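Step one of this worksheet: look at the structure below.
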Ligand SMILES: Nc1ncnc2c1ncn2[C@@H]1O[C@H](COP(=O)(O)OP(=O)(O)OP(=O)(O)O)[C@@H](O)[C@H]1O
Ligand SMILES: [Zn+2]
């Protein structure tokens, strides 16, 4: 085995005659690709089982080199060539290669995690019970299920036939039986066809393009990508924007906070999903008339409003690559526009990818898509992918898209990496949402990669939002993106009236102003729902001692332990406990102050749990519920809560940012916003943008079906321009103001950034490494640098290393170094050269490090 540069891949589709060599991408923390000897024919894009150290791993063949990069005698043999899948397509290889280069990660770290779990674990091919691997097992099971259906139907038909024969002798009653017999045998025929179709799809799986694709619709992808790999999404696409989803680190009591959650490949918000591995969500009966959310979404197609029609018409004329910003106010019916665009693409025989920011939005959309697109996408034509799926569900949905059996893929950011053989349109809903950015490992922006993929395939990409990211807005204003606007709400609904409640003038009771309380009781009396938005989960952000000033700090982190009310124990009361949102540490509430012994420790400030408790006291008859990362931890619970909200079974909903996104609540009349000022003065230059969009979005949940609605925002700074724009629903004004500021300060989207972060037991080590890394860019790199590197270096600024805001997490101290340039290709060039020098420096300094391109949080 040997390492080679990730840059030397070439995607030769031909099979190589054995014996030969394969170059393989592996998901290991070592950069480069690895060569092996193989004695069977292999194609690029196939998966192989290979030995790596003392383990076996599954890797993807990315090249068939004429000669290995290392002495032949040192090469090890491929253990097994997996042929249960057609080779991964070339455009998928290009996308992976681009992502790896752009985000400075090993190719294997992009490719392997993009595959469903069972396809990348050697264990799923090992042992007696593995049979021919997970795909064969899945197909077999599906075949058995279909056969069972057919068998049951046949049995029914036989019974009916018998009945019919008996009936022949009889009179009227017999004729009735005959009719039912006919019906039953029809069902049997249908079931038989189904079985036949499945067998056929197994056969066609071997072909790269599914049988149903008209030949002239086969995507003819441009070949010159990669050539400008270093340009990044620059030319036509924006830098990543926004901040992490639920994931980021909140700092102490002032943290902006429903945050700090272990971030999986898909954000924490992205959890909770009813799942039964053997009954994948996407196999649910597509004709089921009950919407999964229970929300009263119109099944019929509404008549498009004028602006909607114009947008649909404009999208219909698009040919080739074109990024489109669909800027539609909240409740303007953007979904309807996506549906029309999707129908056209499906009718032309192609597939559609629809990205949504979070998992909780998939059931609602899935229901709408199934009903609306069944005619064009076919029965069972919609597949869903997100991190909440069990392995088997994910594999099944993934396969149906890869084989072309499903035509529409709805999913969270990870869905972007699905091989889609005949993709004709990408839609990114709520494109501004921070959840599109992955916060660990491959720190990619699914939105930015969606644009790259669309360009690579020469297809349109639609970015939809009521509050576009400033990056996207800037592109639209400059004419690089086509801008389509939906200025009014659908359903003849007026925008909510937004009012600022000046908290300097009034006395708050448990954080609530009299105005908010009055509004809630009025809505209650009218049978309308209210939402209280507080983006801070837990009971109280900190516990403290009045007597000596002790606060509940985390022993392992430079942050406070948050007071939580845990679920009631069996038969007992709800207990309180302290939890660190950074390291996950939990401990009991001390019976007395650890410093002075005072037994009267007090919670300071409030989170959603405390708010919920207080509202229950104030409105004893109201049905109150809370949606945040804690109340939705169990699989399926978020879905259940949202369904209750949609079904009108909740009067007052308390929620964090989880409730702010995309949900189409039909009976919500009032929204109260608490504590949003914390984000006004954040050190992060993107905080105002995030705050504005969050407030516009949460306000936008109100009055969507025409109820006269109100939004009250409690603030101590009503004169702030951000709030003034909010009251006027003036996104354009806010964007203009914010972009002017960014321009003056030389910040994105007018500059491009990367962030080097170091972690070590002592801050000094981390900072020391960053200082060395910075020095390296000044001395080391200049020595013998070529022309291009010199030119790139001249356009790069490296700032001083600084400790992170929450400097210590789980006893590790962290610091970061910001790199900036006014030129994306220069930054990319620099990062490649510089990044190659960092591992040696880091291992000498004994620090852990990572490099993030287009960071969202600084
Ligand atoms: N032409 C129309 N006539 C009547 N109702 C419509 C029409 N178009 C959309 N609607 C309805 O309006 C509501 C809002 O639509 P949708 O959820 O697509 O808004 P949106 O633009 O995505 O808003 P947000 O950005 O807040 O998520 C939905 O209930 C939808 O069914
Ligand atoms: Zn901690």
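Since every read-out is calculated from the coordinates, none of them should be taken as a lab result. Predicted model only: the values in this text are computed from it and were never measured. Using ideal geometry, Cβ is built from the backbone for each residue, glycine included, and neighbour counts are taken over all protein chains shown.
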Item checked: Extension gain, residue 736 back to residue 724 (0.36 nm per residue minus Cα-Cα distance, nm) -> 3.0 nm
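Take 54, 407 and order them by how many other Cβ atoms sit within 10 Å, fewest up front. Walk me through the numbers on the way to the answer.
Numbers: 54 5, 407 27.
Result, fewest neighbours first: 54, 407.
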Check: Using r as the Cβ-Cβ distance of residue 30 and residue 526, and R0 as 60 Å, what FRET efficiency do you calculate, to the nearest 0.05?
Finding: 0.40
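Subtracting the Cα-Cα distance from 0.36 nm times the residue separation, let me have the gained length for residue 72 to residue 310 in nm, one decimal.
Values: separation 238, 0.36 × 238 = 85.68 nm, distance 6.31 nm.
Roughly 79.4 nm would be gained on extension.
Just need the relative contact order of region 365-481 here, percent rounded to a whole number, with Cα pairs under 8 Å and 6+ apart.
On the way: 137 pairs, mean separation 23.4, N = 117.
20 percent.
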Margin query: Which log10 I(q)/I(0) values does region 371-430 give at q = 0.16, 0.23, 0.28 Å⁻¹ under the Debye formula, counting every alpha carbon as one identical point scatterer?
Written below: -0.47, -0.97, -1.32
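At a temperature of 20 °C and a viscosity of 1.002 mPa s, determine how fast region 343-406 diffuses translationally according to Stokes-Einstein, using the Kirkwood radius over alpha-carbon pairs as Rh; express D in µm²/s, rounded to the nearest whole number.
Reported coefficient: 175 µm²/s.
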Next item on the list: Find the centroid of the Cα atoms in region 354-377 and in region 737-798, then give the distance between the two in whole Å.
Entry: 42
Next item on the list: In nm, give the distance between the simple-model label positions of residue 647 and residue 502, each being 7 Å from the Cα along the Cα-to-Cβ direction.
Entry: 4.5
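Nearest 0.05, what FRET efficiency do residue 600 and residue 574 give at R0 = 22 Å with Cβ-Cβ as r? Write out the running numbers ahead of the final one.
Working: r = 20 Å, r/R0 = 0.89.
The value I calculate is 0.65.
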Note to self: Need one number: nm distance between label points at residue 375 and residue 782, each 7 Å from Cα along Cα→Cβ, rounded to one decimal.
What the structure shows: 6.8
Item checked: P(r) of region 785-858 over all Cα-Cα pairs, binned every 10 Å from zero, in whole percent -> 16, 45, 31, 7, 1
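With a cut-off of 8 Å between alpha carbons and a minimum separation of six or more residues, what is the relative contact order of region 542-604 in percent?
Numbers: 110 pairs, mean separation 22.3, N = 63.
The value is 35 percent.
For an R0 of 41 angstrom, estimate the FRET efficiency from the Cβ-Cβ distance between residue 547 and residue 822 and round to the nearest 0.05.
Numbers: r = 55 Å, r/R0 = 1.34.
The pair residue 547/residue 822 has a calculated efficiency of 0.15.
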Check: So how much slack lies between residue 585 and residue 491, counting 0.36 nm per residue of separation and subtracting their Cα-Cα distance, in nm?
Finding: 29.1 nm
Item checked: Computed log₁₀ I(q)/I(0) - Debye formula, equal Cα scatterers, no solvent, region 716-858, q 0.10, 0.12, 0.14, 0.16 Å⁻¹ -> -0.44, -0.60, -0.74, -0.87
Check: Plugging the Kirkwood radius over Cα pairs into Stokes-Einstein for region 543-622, at a temperature of 4 °C and a viscosity of 1.567 mPa s, what D comes out in µm²/s?
Finding: 93
Checklist line | Order of 403, 94 under a 10 Å beta carbon neighbour criterion, fewest first | finding: 403, 94
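What Kirkwood hydrodynamic radius, in Å, does region 680-733 give when the mean of 1/r is taken over all pairs of distinct Cα atoms and then inverted? Don't skip to the end; give the middle numbers.
Values: mean 1/r = 0.0824 Å⁻¹.
Hydrodynamic radius (Kirkwood, Cα pairs) of region 680-733 is 12.1 Å.
Going by how many other Cβ atoms sit within 10 Å of their own, how do 818, 722 line up, fewest first?
On the way: 818 16, 722 20.
In increasing order of surrounding Cβ atoms, one gets 818, 722.
Among DSSP beta bridges whose residues both lie in region 351-509, state the antiparallel percentage, nearest 5.
5
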